[in-house]
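Visitor: Take this structure, written in structure tokens, and hold onto it; I'll ask about it next.
The values are calculated or read from the model by the stated rules, or taken from the named source; none is laboratory data. Note that the structure is a prediction, hence the values are computed from the model and not measured. Heads up, the Cβs are rebuilt from the backbone with ideal geometry, glycines too, and the neighbour counts pull from every protein chain shown.
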Amino acid sequence: VGWFNQAAAAAALWTAEQLTGPARAYLGSLAPSTRAGAKRLVHGSVRDPVAEYITDVMVAAMSFESLEEDVCFFGHTHVPAAYVHTPALGAGRLSGDVRQILPGDSGALELAAGRRYLVNPGSIGLPFKRARPGIMEVAPWAEYGLLKHEDGRVSMELRRTPYDVEAFL
């Protein structure tokens, strides 16, 4: 855990101490990438489900090249982010525009038909926030997403709940 920041290293060590043999075996049996209905679930990225960080549109564009589903949920960065791929008219599935999008003030992100999405709802374990460009710090909240299907529309609502950072550290 030498390459983790201090808080992440503490979390990894604590987790390793808490895992029982059966829990460790179960976690080891899980696939690094899986489908949940028509959605893809990964930890890192579509290209590298375990270790790659999706932190910008260039990495997101490379993940979209490997994505067969319309939506992929990822984590790894512990920072909420969403990327949308809008295909070019009359072109193939992989051509078009990739950009980062942020949920509105309500924390909701409407998922439009005909587009593909990479969505990171944040973290419930060790959430981070951008203190300033290039600087991350532990956030005082846990974050998660709620996927909604209503009236033929699909939306993702990002939610926060207080997180006792001091108790963790």
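Visitor: With H85, H78 as the choices, which residue is crowded, with 19+ Cβ neighbours inside 10 Å, modelled with pLDDT under 90 and in contact with a strand residue (DSSP E or B) (Cβ under 8 Å, 6 or more places away or on another chain)?
Guide: Details: H85 fails: modelled with pLDDT under 90.
When all the criteria are applied, what remains is H78.
Visitor: Another question, if that's okay. How about the range 18-52: which of its residues are under 29 Å from H149 (Cβ atoms) and loosely packed, with under 13 Cβ neighbours inside 10 Å?
Guide: Residues satisfying the conditions are L30, A31, P32, T34, R35, A36, G37, A38.
Visitor: Still on this structure, I have one more. Just to check your reading of the model, which residue among E68, E52, E17 is touching a strand residue (DSSP E or B) at 6+ places or on another chain (Cβ under 8 Å), of a type outside the set (G, A, S) and at pLDDT 90 or above? Explain how you work it out, then say what you get.
Guide: On the way: E52 fails: touching a strand residue (DSSP E or B) at 6+ places or on another chain (Cβ under 8 Å); E17 fails: touching a strand residue (DSSP E or B) at 6+ places or on another chain (Cβ under 8 Å).
When all the criteria are applied, what remains is E68.
Visitor: Out of M136, M156, I need the residue that is at pLDDT below 70 and either surrounded by 17 or more Cβ atoms within 10 Å (Cβ to Cβ) or assigned to a strand (DSSP E or B) (or both). Which one? Lay out the reasoning, then the answer.
Guide: On the way: M156 fails: at pLDDT below 70.
Just one listed residue meets the conditions, M136.
Visitor: Name the residues in the range 23-49 that are in a loop (DSSP other than H, G, I, E, B) and either under 12 Å from the mean Cα position of the chain (by Cα) or of a type outside the set (A, V, I, L, M) (or both), would you? Full working, then the answer.
Guide: From the range 23-49, those in a loop (DSSP other than H, G, I, E, B) are 30-32, 37-38, 43-49; that's our starting set.
The answer is P32, G37, H43, G44, S45, V46, R47, D48, P49.
Visitor: Same structure, new question: Could you check V71 against (1) over 21 Å from R115 (Cβ atoms); (2) surrounded by 15 or more Cβ atoms within 10 Å (Cβ to Cβ) and say which number it fails?
Guide: It is condition (1) that V71 fails.
Visitor: Hey, among T15, T55, which residue is surrounded by 11 or more Cβ atoms within 10 Å (Cβ to Cβ), of a type outside the set (G, A, S) and in a helix (DSSP H, G or I)?
Guide: Just a single option satisfies the conditions, and that option is T15.
Visitor: Let me ask something else. Report, by residue number, each residue of the range 19-54 that is of a type in the set (S, T, Y) and closer than 20 Å to R115 by Cα.
Guide: If we filter the range 19-54 for residues that are of a type in the set (S, T, Y), which is where we start, we get 20, 26, 29, 33-34, 45, 53.
Correct list: S45 only.
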